[in-house]
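*Asks:* The structure that follows is given in the form of structure tokens.
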Amino acid sequence: MALEKAFHTLTACLQALCNTVQEVRLTVVEDRPVSNEAVIVDHYEYRVEDIMGWLEEAVKSASTAAQATGSPVDLDRARRALAKCQELFHRVQKRYGSDLISYWSMDELTTFARQRRGEWQAWSESVKRGLEQCREPMEEASAQLSQCWEELTEHLGTTNVSVHTTTNIGQLAGGPEGVKIIEQERMA
């Protein structure tokens, strides 16, 4: 895959994930039952909002990297933007895996829904489905990040620059006679 294409594909993958998380956000925040506010709902809202913010930043970083791979190519700028994107994506994965889709989080959500019953059970199931739908775009974005690193390192490997310098350092000793000796050594 070409370098520029890989970065544009990454941007598209991250945007697709962002759109999927946005749907979860709508379920968590907008579709929740109006009665009986609960702390667990706030926790899910904050966690999803964190992920949305990081994903939006990651999309911007991926877009910056894609621009840097266009003409003229700026591999250092692409590398820095990709590293920032990777850092943000790791935050997303960690929050998603440990705070949203983990066994303990799902158990907490299920227990809450059983206790509240009614609309909360439907809301809980909808949140679970939405979170599950994030898995595939998350995996695709992760795979595309790896692809971008591969493409970038291949391009960096083909642009070798070598700098060779030679320095002659001499010591002046004994006045003008020492200068003559050094000059003779340079000519030889």
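The values are calculated or read from the model by the stated rules, or taken from the named source; none is laboratory data. Here the structure is a predicted model, which is why all the values come from computation and not from measurement. Counting neighbours? That spans all protein chains shown, and the Cβs are built from the backbone with ideal geometry, glycine included.
*Asks:* Is it true that R79 is crowded, with 16+ Cβ neighbours inside 10 Å and either acidic (D, E) or closer than 18 Å to L145 by Cα (or both)?
*Replies:* Yes: the conditions hold for R79.
*Asks:* Another question, then. Conditions: (1) closer than 20 Å to H8 by Cα; (2) free of Cβ contacts under 8 Å to residues at least 60 places away in the same chain; (3) not β-branched (V, I, T). D107 meets all but one. Number of the miss?
*Replies:* (1)
*Asks:* Considering only the range 171-181, I want to know if a residue exists there that is among the hydrophobic types (A, V, I, L, M, F, W, C) and modelled with pLDDT of 80 or more.
*Replies:* The answer is no, given that none of the residues of the range 171-181 is among the hydrophobic types (A, V, I, L, M, F, W, C) and modelled with pLDDT of 80 or more.
*Asks:* Just name the residue that is nearest to A6 (Cα to Cα) out of those in the range 23-53 that are surrounded by fewer than 21 Cβ atoms within 10 Å (Cβ to Cβ) and touching a Leu at 6+ places or on another chain (Cβ under 8 Å).
*Replies:* The qualifying residue nearest to A6 (Cα to Cα) is R47.
*Asks:* Where the second residue is surrounded by fewer than 22 Cβ atoms within 10 Å (Cβ to Cβ) and the first is among the charged types (D, E, K, R) and lies in the range 5-16, which pairs have Cβ atoms under 9 Å and are six or more apart or on separate chains?
*Replies:* Correct list of pairs: K5/E151.
*Asks:* Restricting to the range 21-60, count the residues that are under 13 Å from W123 (Cβ atoms) and aliphatic (A, V, I, L, M).
*Replies:* 8
*Asks:* Turning to a different aspect of this structure: Kindly indicate whether E87 is out of contact with any helix residue (DSSP H, G or I) (no Cβ under 9 Å at 6 or more places or on another chain) and free of Cβ contacts under 8 Å to residues at least 12 places away in the same chain.
*Replies:* In short, no.
*Asks:* Separate question: Can you go through V21, V34, V41 and tell me which one is modelled with pLDDT under 95, touching a helix residue (DSSP H, G or I) at 6+ places or on another chain (Cβ under 8 Å) and not aromatic (F, W, Y)?
*Replies:* V41
*Asks:* Could you identify the single residue in T111, T153 that is of a type in the set (V, I, T) and farther than 30 Å from L3 by Cβ?
*Replies:* Residue meeting the stated conditions: T111.
*Asks:* All but one of (1) more than 30 Å from T153 (Cα to Cα); (2) modelled with pLDDT of 95 or more hold for T27, so report the exception by its number.
*Replies:* Just one mismatch for T27, condition (2).
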